[in-house]
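The values are calculated or read from the model by the stated rules, or taken from the named source; none is laboratory data. As the structure is a prediction and not an experimental result, all values here were calculated from the model. Cβ placement follows ideal geometry from the backbone for every residue including glycine, while neighbour counts extend to all protein chains displayed. Note: areas computed on protein heavy atoms with side chains; ligands, DNA, RNA excluded. Shrake-Rupley method; radii C 1.70, N 1.55, O 1.52, S 1.80 Å.
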Amino acid sequence: MSTYLVLTRETAPDDASPVLAQLQQAFGFLPNVAGVMAASPALIKSFWSLFSGVHAGTFTDAELQVLLLTNAVTNGAEWAVAFHSGLALHFGIDGADVKAIRGARLPGQSRLAALSTLSRRLIEQRGKLTPAEQVEFVAAGFRPEQLLEATSVVAASTITNYVSSIAQPPVEAAFADHVWQSAASNSPE
């Protein structure tokens, strides 16, 4: 049971409310994890800065969702997996590719597989990519600076992944069909 409330624009601290309005405009609704983040104006402001920068970058919405979904699975963030599964499908990622990523496997399209591989490696290897891994990413059709840009996607999603794992906000009804459990949550303690 979470001790964190999902705040609204009306119940959030005054410093957080404008950011919640921006997130609501970006999504068409206010994601529950943002409502939790609003308890800390410093956090929600930092997140908004990363979020808006990531979405103004060179990756398409579909490519961003591959990165974000892979990050959520790699971090075992259940709310984020449900959320980004729904968004990935919305932005045209094939259902088989979404299922593969949710199962910690690679999507079938080589470009998306390169993104998913990069994302997982950035997290698991704490950014320590080999020169061969960097060349592999570029060989898949990306520019070297996009590898650097991908680190901002990892940073933004790490915030939502960690906050959602700590606070366990409810999954929005629109994403209920995409509920996911990490292997860690199924293991006996």
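Rg and Dmax of the range 1-93, both derived from C-alpha coordinates alone, stand at 13.5, 39 Å.
Rounded, prolate or oblate: which fits the range 42-163 when a ≥ b ≥ c are the square roots of the eigenvalues of the alpha-carbon gyration tensor, with rounded for a/c under 1.5 and prolate only if a/b beats b/c? Rounded, because the longest to shortest axis ratio a/c is under 1.5. Taking the accessible area of the chain, probe 1.4 Å, and keeping the other protein chains in place, the carbon and sulfur fraction comes to 56%. In the chain, Cα pairs under 8 Å separated by at least six residues give a relative contact order of 30 percent. Taking 37 °C and 0.692 mPa s as conditions, the range 96-153 diffuses translationally at an estimated 283 µm²/s according to Stokes-Einstein applied to its Kirkwood radius (Cα pairs). Distance between the C-alpha centres of the range 91-135 and the range 51-89: 12 Å, rounded to the whole angstrom.
Translational diffusion of the range 126-188, estimated by Stokes-Einstein from the Kirkwood radius over alpha carbon pairs at 4 °C in a medium of 1.567 mPa s, is 88 µm² per second. Dipole size of the chain about its Cα centre, with +1 on Lys/Arg Cβ and -1 on Asp/Glu Cβ: approximately 340 debye, rounded to the nearest 20.
Projecting the Cα positions of Pro41, Val54, Asn75 onto the charge dipole of the chain (unit charges on Cβ atoms of Lys, Arg, Asp and Glu, taken about the Cα centre) puts Asn75 furthest along the positive direction.
Dipole check for the range 73-135: with +1 at the C-beta of Lys and Arg, -1 at the C-beta of Asp and Glu, and the Cα centre as origin, the magnitude is about 160 Debye.
Under 5 Å from the amide H of Val171 lies no amide H of any residue 5 or more positions distant or on a separate chain, with H modelled from the backbone and absent for Pro and chain starts. Compute a Gaussian network model of the chain, connecting alpha carbons closer than 10 Å, and tell me which residue from Thr60, Thr117, Thr160 fluctuates the most. With Cα springs under 10 Å in the chain, the top fluctuation among Thr60, Thr117, Thr160 is at Thr60. In a DSSP loop and with at most 13 other Cβ atoms within 10 Å, the trypsin sites (Lys or Arg not before Pro) in the range 21-118 are Arg105. Summed over the residues of the chain and divided among them, the accessible surface reaches 50 Å² per residue at a probe radius of 1.4 Å.
Cα extents for the range 40-89 along the principal axes, largest to smallest and rounded to whole angstrom: 29, 26, 16.
When the square roots of the Cα gyration tensor eigenvalues are ordered a ≥ b ≥ c, the ratio a/c for the range 8-60 is 1.5 or more and a/b exceeds b/c, which makes its shape prolate.
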